[in-house]
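One structure is given here, and the rest of the page talks about it.
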Amino acid sequence: MTIKIWKFFDREELYECYQCARCTGSCPAMEVTAALGPRGTILKCLNLGHEAVVQDEKVWFCCTCNVCDDRCPQQIPISDLLVALRNSAARRGNVPGRLLLSLELLAKTGRTMIVHQLDEMRAHHGLAPLPPAPVDEVRAILKRAGLEEVLDF
Amino acid sequence: MSEKTLPKAPRPQMNDLRIGVYVCHCGKNISGTVRCEEVARYAQGLPGVVLARDSLYTCSEPGQEQIKGDIKAHDLNRVVVASCTPRLHEPTFRAACESAGLNPYLLEMANIREHCSWVHLHDKDAATEKAKDLVAMAVSRAGRLAPQTEVTVSVMRKAMVIGGGVAGIQAALDLADAGYKVYLVERSGSIGGRMAQIDKTFPTMDCSICILAPKMSEAGRHPNIELLTLSEVTGVQGHIGNFHVRVLKKARYVTSECTSCADCISVCPQLAPDEFNAGLSIRRGIYIPFAQAVPSTFMIDMNICLNNQGIVACDRCFQACSKKCIDFADRDQELILDVGTIVVATGVDVYDPTSLTELGYGKFPNVITTLEFERLINAGGPSSGELIRPSDRERPKRVAFLQCIGSRSKRSNPYCSNVCCMNTIKDALLIKEHWPDTEITVYYVDIRAFGKGFEDLFQRARREGVTFIRGIPGEIIEDLATDDLTLLGENTLLGTPYRSTVDMVILSVGIKPRQDSELLQRLLNLATDTDGFYMEAHPKLKPVDTTTGGVFIAGAAEGPKDIKDSVTQASAAASRANILMSKGEVKIPAITAGIDPDKCTACGLCARVCPYHAIVGGKEEGLYRVIAAACQGCGACVPECRFGAIDQTHFTESQIVEQIDAALAGDPHKKILAFACNWCSYAGADFAGVSRIQYPHNVRIIRTMCSARVSPAWIERAFTKGAGAVLVSGCHPADCHYNNANQNTARRVERFWRRMEKLGINRDRLRLAWISAAEGAQFAKVIREMEAGLKTIKPAEIENAAKKLFREANKKSDAT
């Protein structure tokens, strides 16, 4: 399936970038891992095409803190680009396993993680058991967001 | 619509008209597409035409001789040349007419090359028919042409230079040396400007004040220059050759007998940040801006003086002054100065990086700007030329420069500030020269070393060990204990992140238009570009002229530039002003507006739309009148008059109406009538021709000087005559050659749209388009779109709309 990522992000914006790297300098993901970095992502989209970028697992390293957006002198909505790329990546099956796992869990239980003996722990601290998660509502949202194309649930 | 509602102009009787038509082949340029002989034969049959010829090159010497000979032999009283654009050869043919004794304003041109043969290359029949139409339009307009004499106005042989930076000083000296009296108006206490603040200049590494100070003192003692410091222009009246400028000269409180002995300084109890040292040091309440200041007279800052407002709380400086030159009774004065020309050299402000919080300027003491650095490293600066960092006054061992701060950014200034790259390289070399062990890193995006000797300097900096890293830090972190700074970023060439710690960071800040540049813009009717700098009359061929006659620009007020370019431009501006003043008079093209005093009701609407304040008068006088010397001939006032009292010479109502009627004489419902302004849209259509961009042939273009001349009555007339569509096109809103007169165009077209909607007429048939002289493709696109829209409209609908408009117009004219 081909996805038009430029439907969600105006491609013209990319040409505003002159690679000053203020974004990468502000990127917390770059601090801890060899992420693509916002500048690298834009350059790769321009030079190699986004097809190559969405194959790369590194598009998932962005933590959407939006600092690159704030500091970009050209006011390019970089985090919008990253979200659009990840949408595209997901639809091509490029989703990290752990992320898929928690998505599946979310769809099934309404929560992204299961904590062992949670209710016992809560009781130990004098807290009432957690109310049931609104699974149907969560599933409706996930459906609306098009998650069915990525995941069976 | 009946003829009676149109202003009447004397039209020569048909048998009085003796029009000669010349259809040019232009080699194969026109005749390759248009059958020129057929067009000439057609022209022969038009009313008033006594002779029509076609020639291979009408602009050639034999071609011109032919016209001259015919004027004499056949007693021609109008000449129509169908050839290229009037923007090219109108002066040629006007000169030919004049030399044969025919008034040059009796020439009319039909543009059958750029607007016809070149854009309809593949349809000879249609192109020939269009050429016939264009010739018929020109012939009908020619019948209404009247001889004109160009008015001359005298030019006063005095000049004013506003701004006493290096550009202003240079312009003033050039004009003064040429023998003119010059008023040099400077806002601060001394001339010198930004250049006086800078330590060294690039690429030669000259000492800045050493080369500037001689010029400053020359300007100070020049017999032809009257120096007005602490002075500001507050009002400008008049026009080219005769400006009356109001100048507010603020009180200095120290007389010119001051010998700048500085005895007063030590006794003054009041302190303030020293502006000249970028706030890095303090000065007293009585002070001189800097040691080399011209005039070398002290001044009192009344904002902090204890003796303010006549309350004598302190007179220590008065007591200390042995020459008794302190005068607390000094008052602001208002001067009215009459000058013939004005040079604007108001310079620039420096970008304040405080708003870029991630860089910590203003929060971390060791982050400074390049201007502050210039003062720090200058021997006359606060540290006497020692490089120290503000937090502990120790010499920094590791220095980082950050480029493009406040430039090339939509968050601040979108343009490149032009000087910062070379300034940083120069500063880096200065540090290396004095303290070679200093580690210097320059974080840049692109190094723009474009000028003479710039690349050499860049290479030298690299050889001397300055490190250049491509990638601006995203963030600066301060170490609270040591005040050292850590830069986080990415080396984009290596593709690796860096985290480097330095002792001091210098932000290479950009430059921006003066904060209050709008004031002078309003007073002098200047135009500004999208960045806020004053705009030149033409970016290539009139780089120091402004859109206001007699006013010139120099230096960075026109756009970011270095010292050399500022001086070059200042000399150019002075020379342009000199040309006007040495001639002593100036000819105004006879395209000005004129008001019929009998019809004028003194409502004042015209004066309100005039972009040049050229219309004066009032209710008391009972009428308004146009000052011909100030009128630039845009014609924006003409459609504004509800009483038909105004008309524009050489672009009269009756001339244009003739053109409209001729254009729509046959098959009007298939045609697009286009009004194009001389400077942008007509030139854009010309450009489409030069680029051979093909577009539908049913468009007929009528030229006006400004789109604001286009009267709603013309649009109405076109539609009542059954025109399929009408295009009104002008310069892009900020680029209007007549000081945004085209905002009137937009207003009038919008009003016409509303009228169309009210009458149930398809408003898409009237289009407003902004097309610049470079947008030939855009012009072609607009015409193609309009043609496509026209295809969907049935002739019956056009006829119906024409009737509705006609009825409504008649109802209106009956009411009045």
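The values are calculated or read from the model by the stated rules, or taken from the named source; none is laboratory data. Note that the coordinates shown come from a computational prediction; the quantities given were computed from them, not determined experimentally. Cβ placement follows ideal geometry from the backbone for every residue including glycine, while neighbour counts extend to all protein chains displayed. Each accessible area value is taken on the protein alone, full model and side chains, heavy atoms only, with ligands, DNA and RNA left out. Shrake-Rupley method; radii C 1.70, N 1.55, O 1.52, S 1.80 Å.
State all residues of the stretch A:34-49 that are open to solvent by less than 50 Å² (accessible area, probe 1.4 Å) and either within 14 Å of another protein chain (Cβ to nearest Cβ) or not in a helix (DSSP H, G or I) (or both); if no residue qualifies, say none.
Residues satisfying the conditions are A:35, A:36, A:37, A:38, A:39, A:40, A:41, A:42, A:49.
Filtering the stretch B:497-555 to residues that are in a loop (DSSP other than H, G, I, E, B), touching a helix residue (DSSP H, G or I) at 6+ places or on another chain (Cβ under 9 Å), of a type in the set (Ser, Thr, Tyr) and open to solvent by less than 40 Å² (accessible area, probe 1.4 Å) leaves B:546, B:548.
Evaluate the stretch B:532-541: report whether one residue or more is within 14 Å of another protein chain (Cβ to nearest Cβ) and either in contact (Cβ under 8 Å) with a residue 60 or more places away in the chain or of a type in the set (Val, Ile, Thr) (or both).
Scanning the stretch B:532-541, I find no residue that is within 14 Å of another protein chain (Cβ to nearest Cβ) and either in contact (Cβ under 8 Å) with a residue 60 or more places away in the chain or of a type in the set (Val, Ile, Thr) (or both), so the answer is no.
Residues in the stretch B:448-472 that are in contact (Cβ under 8 Å) with a residue 40 or more places away in the chain and either within 16 Å of residue A:18 (Cβ to Cβ) or open to solvent by 80 Å² or more (accessible area, probe 1.4 Å) (or both): B:452, B:456, B:472. A count restricted to the stretch B:412-439 and to residues that are within 14 Å of chain A (Cβ to nearest Cβ) and open to solvent by less than 10 Å² (accessible area, probe 1.4 Å) stands at 1. Taken together, the residues in the stretch B:238-261 that are among the aliphatic types (A, V, I, L, M) and open to solvent by 40 Å² or more (accessible area, probe 1.4 Å) amount to 1. Checking B:409, B:391 one by one, the residue that is in contact (Cβ under 8 Å) with a residue 24 or more places away in the chain and either within 14 Å of chain A (Cβ to nearest Cβ) or at negative phi (or both) is B:391 and no other.
Note on the stretch B:109-152: among residues that are of a type in the set (Ser, Thr, Tyr) and not in a loop (DSSP other than H, G, I, E, B), the one that is most open to solvent (accessible area, probe 1.4 Å) is B:152. Just one of the listed residues (B:353, B:295, B:365) is more than 14 Å from every other protein chain (Cβ to nearest Cβ), open to solvent by less than 60 Å² (accessible area, probe 1.4 Å) and within 34 Å of the chain's Cα centre (by Cα), and it is B:295. Any residue in the stretch B:259-270 that's under 17 Å from residue B:294 (Cβ atoms) and β-branched (Val, Ile, Thr): show its pairings with residues that are open to solvent by 50 Å² or more (accessible area, probe 1.4 Å) and in a loop (DSSP other than H, G, I, E, B) at Cβ separation under 8 Å, as long as the two are six or more apart or on different chains. Partner pairs satisfying both residue conditions: B:259/B:323. Just wondering, is there one or more residues in the stretch B:542-552 that are without any contact (Cβ under 8 Å) to a residue 24 or more places away in the chain, within 30 Å of residue B:345 (Cβ to Cβ) and in the same structural domain as residue B:239 (by TED's automatic domain parsing)? Looking for residues that are without any contact (Cβ under 8 Å) to a residue 24 or more places away in the chain, within 30 Å of residue B:345 (Cβ to Cβ) and in the same structural domain as residue B:239 (by TED's automatic domain parsing), one finds at least one in the stretch B:542-552, hence yes. Residues that are outside the structural domain of residue B:641 (by TED's automatic domain parsing) and touching a strand residue (DSSP E or B) at 6+ places or on another chain (Cβ under 7 Å) do occur in the stretch B:684-691.
Per the conditions (1) more than 23 Å from residue B:739 (Cα to Cα); (2) in contact with a helix residue (DSSP H, G or I) (Cβ under 8 Å, 6 or more places away or on another chain); (3) without any contact (Cβ under 8 Å) to a residue 60 or more places away in the chain; (4) not polar (S, T, N, Q), the sole criterion not satisfied by residue B:621 is (2).
For the stretch B:113-133, the condition of being in contact with a Gly (Cβ under 8 Å, 6 or more places away or on another chain) and among the small types (Gly, Ala, Ser) holds for at least one residue.
Taking the stated definitions as given, is residue B:164 of a type in the set (Gly, Ala, Ser) and buried (at least 24 other Cβ atoms within 10 Å of the Cβ)? Criteria met by residue B:164. Applying the set (1) farther than 22 Å from residue A:30 by Cα; (2) modelled with pLDDT under 90 to residue A:98 leaves exactly one unmet item: (1).
Conditions (1) farther than 26 Å from residue B:356 by Cβ; (2) surrounded by 20 or more Cβ atoms within 10 Å (Cβ to Cβ); (3) among the aliphatic types (A, V, I, L, M), marked per residue:
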site	(1), (2), (3)
A:6	yes, no, no
A:11	yes, no, no
A:14	no, no, yes
A:23	no, yes, no
A:51	yes, no, no
A:59	yes, yes, yes
A:62	no, yes, no
A:75	no, no, no
A:84	yes, yes, yes
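Which ones in the stretch B:478-496 are within 11 Å of another protein chain (Cβ to nearest Cβ), without any contact (Cβ under 8 Å) to a residue 40 or more places away in the chain and not in a loop (DSSP other than H, G, I, E, B)? Within the stretch B:478-496, B:488, B:490, B:491, B:496 qualify.
Restricting attention to the stretch A:5-20 and to residues that are within 14 Å of chain B (Cβ to nearest Cβ) and not in a loop (DSSP other than H, G, I, E, B), the residue that is nearest to the chain's Cα centre (by Cα) turns out to be A:13. Here residue B:173 passes the criteria (1) on the phi < 0 side of the Ramachandran plot; (2) modelled with pLDDT of 95 or more; (3) more than 26 Å from the chain's Cα centre (by Cα) except the one numbered (3). Scanning the stretch A:123-141 for residues that are open to solvent by less than 100 Å² (accessible area, probe 1.4 Å) and out of contact with any Leu (no Cβ under 7 Å at 6 or more places or on another chain) yields A:123, A:126, A:127, A:128, A:129, A:131, A:133, A:134, A:135, A:139, A:140.
The set of residues in the stretch A:67-111 being over 25 Å from residue A:55 (Cα atoms) and assigned to a loop (DSSP other than H, G, I, E, B) consists of A:72, A:73, A:74, A:75, A:110, A:111. May I ask you to verify whether residue B:563 is open to solvent by 20 Å² or more (accessible area, probe 1.4 Å), farther than 30 Å from residue A:41 by Cβ, free of Cβ contacts under 8 Å to residues at least 40 places away in the same chain and away from chain A (no Cβ under 14 Å)? No. If you go through the stretch B:59-91 and keep only what is assigned to a helix (DSSP H, G or I), crowded, with 17+ Cβ neighbours inside 10 Å, within 33 Å of the chain's Cα centre (by Cα) and not charged (D, E, K, R), you end up with B:86, B:89.
Here residue B:272 meets the list (1) open to solvent by less than 30 Å² (accessible area, probe 1.4 Å); (2) on the phi > 0 side of the Ramachandran plot almost entirely, failing just condition (2).
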